Amino acid sequence: MHPVAWLALAIGSEVVGTLSLRLSDGFRNVGWVALIIAGYGISFYAMSIALRTIPLGVVYAVWSGVGTAIVVVLGWVLFKEALDAVKLAGIGLIVIGVAMLNGAGSSH
């Protein structure tokens with residue numbers, strides 16, 4: 001599988017784990033806790049495979065930045081959490097930062 005696909009899997013499974021944290025009711029709901037463990041386990045494994053060929057700084061920036069942006073949007077959609085102009089600007093800055101790191105990473 002392509003390293004970018006591994007990174008996408010890492011991001012997707014991390015998002016699942018993070019959303020499951022919200023649904024676990026403080027680790028009281030065992031089903032969601034199992035999904036938290038699986039989500040983060042798959043995420044770290046997939047990220048370790050992506051790190052074989054993609055630089056650490058780029059992988060971590062993309063993983064954390066894209067994951068954060070997705071979680072903010074899904075929190076708004078699924079849990080009716082606030083999404084105002086400041087949060088949208090923050091997501092925009094994350095996207096810009098990830099793009100800059102990707103560009104810097106590909107120039108070496």
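The values are calculated or read from the model by the stated rules, or taken from the named source; none is laboratory data. Just so you know, these numbers come straight off a predicted model, no measurement behind them. Don't worry about glycine lacking a Cβ; one is built from the backbone with ideal geometry, like all the others, and counts go over all protein chains shown. Ligands, DNA and RNA are stripped out before the accessible areas are found, and what is left, the full protein with its side chains, is counted by its heavy atoms. Shrake-Rupley method; radii C 1.70, N 1.55, O 1.52, S 1.80 Å.
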Condition check for V73: among the aliphatic types (A, V, I, L, M) and either surrounded by 12 or more Cβ atoms within 10 Å (Cβ to Cβ) or in contact (Cβ under 8 Å) with a residue 40 or more places away in the chain (or both) | yes
Pull up segment 65-84, narrow it to residues that are within 24 Å of L101 (Cα to Cα) and of a type outside the set (V, I, T), then point me to the one that is nearest to the chain's Cα centre (by Cα).
-> G67
If the Cβ limit is 9 Å and pairs must be 6+ apart or interchain, which residue in segment 3-14 that is in a helix (DSSP H, G or I) and modelled with pLDDT under 95 pairs with which residue that is open to solvent by 30 Å² or more (accessible area, probe 1.4 Å) and hydroxyl-bearing (S, T, Y)?
-> none
Reported set for segment 36-56 where residues are surrounded by fewer than 19 Cβ atoms within 10 Å (Cβ to Cβ) and outside any helix (DSSP H, G or I) is L51, R52, T53, P55
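Take L23 and tell me if it is of a type in the set (A, V, I, L, M, F, W, C), without any contact (Cβ under 8 Å) to a residue 40 or more places away in the chain and open to solvent by 60 Å² or more (accessible area, probe 1.4 Å).
Details: of a type in the set (A, V, I, L, M, F, W, C): yes; without any contact (Cβ under 8 Å) to a residue 40 or more places away in the chain: yes; open to solvent by 60 Å² or more (accessible area, probe 1.4 Å): yes.
Here the answer is yes, as L23 does meet what is asked.
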What are the pairs, 6+ residues apart or on separate chains, where a residue within segment 34-45 that is touching a residue at least 24 places away in the same chain (Cβ under 8 Å) has its Cβ under 7 Å from a residue that is polar (S, T, N, Q) and buried (at least 19 other Cβ atoms within 10 Å of the Cβ)?
-> G39/S13; G39/S20; I42/S13; S43/S13
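What residue, of V33, V59, is surrounded by 14 or more Cβ atoms within 10 Å (Cβ to Cβ), touching a Phe, Trp or Tyr at 6+ places or on another chain (Cβ under 6 Å) and in a helix (DSSP H, G or I)?
V33
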